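*Asks:* Structure incoming, see below.
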Amino acid sequence: MKKFYKYLLYIMPFVLYFSYFPVIKLGENETMYFELSLPLIWLVVFDIVSLIMVCKKYRRELFSHVFGSILWWLFPLFATISVAWSLNVTRGFLTVGVMWALFFAVIFFYELRENLDTAFWKVFWRWFFGSALLACLWCVVQCILDVSGVSQEASLLCDGCVYQMFGFPHPNGWAIEPQFMGNLLLAPIFVVGANLIAACPSDTLRAAQAKSSRSVEHIAIRFAPLLFFVFSATLFLTFSRGAIYACVVGLLFLAGFLLARAKKSERKGVLFSILKTLGVLVLAFLFTLNLQGILTAVSPTADTYGDGVAKVLNHLSLGIIDVKGGEKGSEGSDEITPVEPVKNSVYSGYVEESTDTRVRLASDAVKVWHQDFKTALVGVGIGGAGQALYDHGYSPAPREIVQNEYAELLLETGVVGVSLFAVILILAIRVILKNRKVAGMLLSLTVAYGVSFLFFSGLPNALHIVLILGILILL
């Protein structure tokens, strides 16, 4: 059983990249799709195996060990109770089911931590980085397949990811959208980035790096610059503003945190490493920018290398950078057919609708939230945000999600739910701060994930966030 438990943890990073492909479709109703993904299946199997092991370990003391402080459980308990008044009971019931599975998985990580010895971490890091590299390779292959005319059934690119949109493809990996593929890369970026910054001329840090093979430094430090370049370049290739912005904010936080915590004698070395790391990030961006220009030039559209570069800069800067001097291209007037090459790509640069839709949905969610005292206090119930927006005429269908986790959480659970979730966040930060060596990496990764929640919502899309942070905290 212990070996099987370890094997499950080894493959976890690999499984998480397959967040949508393959997917088992079980049906649908007017408010949601019923689907099973590999991460969800892995989560259920892991919880069952872990529960058996924990029961054997503690037996009569199971409750006190597994549940511990009640503060950790107040939010999931409240979310579960809120199903009673949810506007979408089915979605709410399934959501709390996944929530409890995630909470128990993290608890099991901790309760069975004695199984995670030096030999375990050595193998785990190989899977962790190897899986990320494989996902990056597949993203590049997706782009090549797309501009070569290979069908979406083979390339697995989403409808909005193909070259017809911008002139160049932006890969989604095995996720449903590029933003989730980009979000999956945040963990390896920050694990490697933290070690790249920590690799300054300091006896203390050198000793920490050579201490044991369990440490992140021992695995990542040798190839840190190359790994950081590959992961960052692939992140830029996904063309996901949410993931890219989150990465930049998190890295700036990491730089400030490590610089503030460094001893006076170490600050010059840390500052040098920060600049070196940011330099690698810039090189990765420039590399990807040129690659996107090349993909644009070789794609069947009329767009040139310069068009591709201009569109990237214009879109990522929210329309501020316009090297084409205001020149506009096609905005969807050309019909895309598999028979004749597309004359012009759909978008000429910054897609305002993408930003406007997210801002509008978040604003509408807040409007519905403060419609009355009850909703403001306890929300419309877990899983009920889409139905609430639809009932008030703010969305065309109940399936519409808020695309902002904070606004959705506020609408579904009210002030009470947000406050209880804040308690969990504070407790988690306290745990992270106890270990000085990995605190910067974990906090900055948490900040990056926090920023990314401004761009999407939905628990199934955040499985990797909880699981990766849960396992890394054990460092």
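The values are calculated or read from the model by the stated rules, or taken from the named source; none is laboratory data. As the structure is a computational prediction, the values presented were derived from the model and not from experiment. Virtual Cβ from ideal backbone geometry, glycine too; neighbours counted across all protein chains shown. Surface areas here come from the heavy atoms of the whole protein model, side chains and all, with no ligands, DNA or RNA. Shrake-Rupley method; radii C 1.70, N 1.55, O 1.52, S 1.80 Å.
*Asks:* Among the residues of the stretch 416-445, which ones are hydroxyl-bearing (Ser, Thr, Tyr) and crowded, with 20+ Cβ neighbours inside 10 Å?
*Replies:* The one that is hydroxyl-bearing (Ser, Thr, Tyr) and crowded, with 20+ Cβ neighbours inside 10 Å: Ser444.
*Asks:* How many residues does the stretch 246-279 hold that are touching a helix residue (DSSP H, G or I) at 6+ places or on another chain (Cβ under 7 Å) and either crowded, with 19+ Cβ neighbours inside 10 Å or of a type in the set (Phe, Trp, Tyr) (or both)?
*Replies:* 14
*Asks:* Can you find, within the stretch 290-306, the residue that is nearest to Val249 (Cα to Cα) among those that are touching a helix residue (DSSP H, G or I) at 6+ places or on another chain (Cβ under 6 Å) and not hydroxyl-bearing (Ser, Thr, Tyr)?
*Replies:* For the stretch 290-306, the residue satisfying everything is Gln292.
*Asks:* Name the single residue, out of those in the stretch 419-475 being part of a loop (DSSP other than H, G, I, E, B) and of a type in the set (A, V, I, L, M), that is farthest from Phe103 (Cα to Cα).
*Replies:* Leu454
*Asks:* Further, regarding this structure: Which residue out of Ala187, Ala243, Ala220 is open to solvent by less than 10 Å² (accessible area, probe 1.4 Å), at pLDDT 95 or above and over 26 Å from Ala310 (Cα atoms)?
*Replies:* One residue alone meets the criteria, Ala187.
*Asks:* Starting from residues that are under 13 Å from Leu454 (Cα atoms) and not charged (D, E, K, R), keep the ones in the stretch 387-409 and report whichever is most open to solvent (accessible area, probe 1.4 Å).
*Replies:* Top of the filtered list is Tyr406.
*Asks:* Only residues that are under 24 Å from Cys143 (Cα atoms) and either open to solvent by 20 Å² or more (accessible area, probe 1.4 Å) or within 26 Å of the chain's Cα centre (by Cα) (or both): list them for the stretch 309-325, please. Walk me through how you get there before you give the answer.
*Replies:* Initial filter on the stretch 309-325 (under 24 Å from Cys143 (Cα atoms)): 309-318.
The answer is Val309, Lys311, Val312, Leu313, Asn314, His315, Leu316, Ser317, Leu318.
*Asks:* From the list Gly173, Gly167, Gly149, Gly182, which one is surrounded by fewer than 22 Cβ atoms within 10 Å (Cβ to Cβ) and either in contact (Cβ under 8 Å) with a residue 40 or more places away in the chain or among the basic types (Lys, Arg) (or both)?
*Replies:* Within the list Gly173, Gly167, Gly149, Gly182, the selection yields Gly149.
*Asks:* Quick check on Phe108: is it within 30 Å of Leu389 (Cα to Cα) and surrounded by 19 or more Cβ atoms within 10 Å (Cβ to Cβ)?
*Replies:* no
*Asks:* If you don't mind, there's one more thing I want to ask. Output the residue which, of all residues in the stretch 1-51 that are assigned to a helix (DSSP H, G or I) and out of contact with any helix residue (DSSP H, G or I) (no Cβ under 9 Å at 6 or more places or on another chain), is farthest from His464 (Cα to Cα).
*Replies:* Lys3
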